[in-house]
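A short worksheet on the structure shown next.
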Amino acid sequence: MRYFLLLAAACLAFASDKPAYQFYSQKLKAVNYQKVLKEANDADVVFFGELHNNPICHWLELQLTKDLYAEKKTQLLLGAEMFEADNQAALSDYVAGKTSDKEFAKQARLWNNYKTDYRPLVDFARDNKIPMVATNVPRRYASTVARQGLAALDTLPTAQKAWIAPLPLTVDLTLPGYKAMLDMMHGDNAKTAPEQGANFARAQAIKDATMAHFILQNRKPGTTFLHYNGSYHSNNFEGIIWYLRQKQPDLKIVTIASVEVPDTAKPDKANENLASFILQIPADMTKTY
């Protein structure tokens with residue numbers, strides 16, 4: 001009798017657990033973190049597609065970084081959308097221990113949630129001397145494309161073009177991710193002119209292409225490059241990955257897509273094939289901002 005009471009109590013305790021996340025495979029089979037780590041450890045490039053204000057994403061990014069470093073040591077490289085290419089010197093100096101956190105904040109354009117969400121990653125890189133790459137295009141150039149189109153970048157000085165993917169840039173607006181942007185902006189109630197909508201998608205593409213460019217520029221054979229970015233930049237193996245594949249189609253790439261769902265225990269069919277691994281997080285998870 002006592003055994004059954006203990007068993008019932010254990011089952012009740014299990015049933016009352018409220019998991020903060022659940023990983024699923026590309027085909028929506030539940031998998032554990034160790035499976036994700038194993039696949040990431042064998043990859044050339046890993047994309048952790050985050051939700052920028054989600055604490056579970058940021059915590060798991062740090063755990064994956066720590067665990068990959070424990071396996072790979074000097075064979076691990078880091079890169080992030082959150083740092084723009086023209087701030088590379090400031091980022092490198094801080095990671096190398098040459099500047100203080102206050103100096104870094106003055107020298108680089110840091111996101112408003114840097115201290116809570118990204119500083120732990122950067123400080124881990126600093127503590128362990130892990131190279132970290134500022135992969136994103138400077139925002140002012142993406143804004144220029146959104147307003148004036150890609151041709152506006154042609155007149156930039158050569159030195160400034162070094163912070164952007166090589167021009168001219170091919171943008172396939174029929175790719176599902178970019179097409180979804182166009183459809184959203186050209187809906188029944190949209191007031192955006194067709195060319196404005198196309199330029200908005202091209203601004204997204206210049207970010208994707210630039211991140212791909214700096215990943216390839218810094219990646220070395222035999223290493224794993226772990227990249228942090230908004231999930232939409234790598235969902236459906238598009239965005240950054242499409243540009244990577246144009247240059248190096250044989251790269252082994254692992255992607256993580258983050259989604260918020262009502263119940264982490266129930267895979268959402270809409271997320272099938274979204275990424276190598278789908279990270280389901282409760283929709284009511286507290287936010288960092």
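None of the figures in this text is laboratory data; all of them are computed from the coordinates on show. Predicted model only: the values in this text are computed from it and were never measured. A quick note on method: Cβ atoms are made from the backbone with ideal geometry, for glycine too, and the neighbour counts reach across all protein chains shown.
For region 193-289, the relative contact order comes to 23 percent (Cα pairs under 8 Å, sequence separation of at least 6).
Where the alpha-carbon atoms of the chain are placed on the principal axes, they occupy 82, 54, 38 Å, in descending order. Pair-distance distribution of region 52-203: all C-alpha pairs, bin width 5 Å, starting at 0; shares per bin in whole percent are 2, 8, 15, 16, 15, 14, 14, 10, 5, 2, 0. Under the shape rule built on the C-alpha gyration tensor, where the axes satisfy a ≥ b ≥ c, region 134-254 is oblate, since a/c reaches at least 1.5 while a/b does not exceed b/c.
Put a dot 7 Å past the Cα of ALA193, heading toward its Cβ, do the same for ASP263, and the two dots end up 4.9 nm apart. Extension gain for the segment GLN63 to LEU167, taken as residue separation times 0.36 nm less the Cα-Cα distance, is 33.8 nm to one decimal. Let me make sure I get this right: for region 19-112, a, b and c are the square roots of the gyration tensor eigenvalues over alpha carbons, sorted descending. Under 1.5 in a/c it's rounded, otherwise prolate if a/b > b/c, else oblate. Which is it? Note, shape of region 19-112 comes out prolate.
Cross-link partners for LYS252 among the aspartates and glutamates, with Cα-Cα distance under 12 Å and sequence neighbours closer than 8 places in the same chain left out: GLU39, ASP42, ASP44. Would you mind classifying region 219-259 by shape? Square roots of the alpha carbon gyration tensor eigenvalues, ordered a ≥ b ≥ c; an a/c under 1.5 is rounded, otherwise it is prolate if a/b is larger than b/c and oblate if not. The shape class here is oblate.
Could you tell me what a quarter of the Cα convex hull surface of region 247-287 works out to, in nm² with one decimal place?
4.1 nm²
Dividing the summed -39500 (n - 2.57) terms of all DSSP H runs of n ≥ 4 by the residue count of the chain sets its mean residue ellipticity at 222 nm at -13000 deg cm²/dmol.
Of all complete DSSP H helices in the chain, those with a Cα span along the helix axis of 15 Å or greater and a mean Kyte-Doolittle hydropathy of 1.6 or more are 2-15.
Ignoring lysines fewer than eight residues from LYS247 along the same chain, the ones with Cα atoms less than 21 angstrom from its Cα are LYS161, LYS207, LYS220. For the chain, the relative contact order works out to 33 percent when only alpha carbon pairs closer than 8 Å and six or more residues apart are counted. Full extension of the segment from ARG119 to GLU272, taken as 0.36 nm per residue of separation minus the current Cα-Cα distance, would add 51.9 nm.
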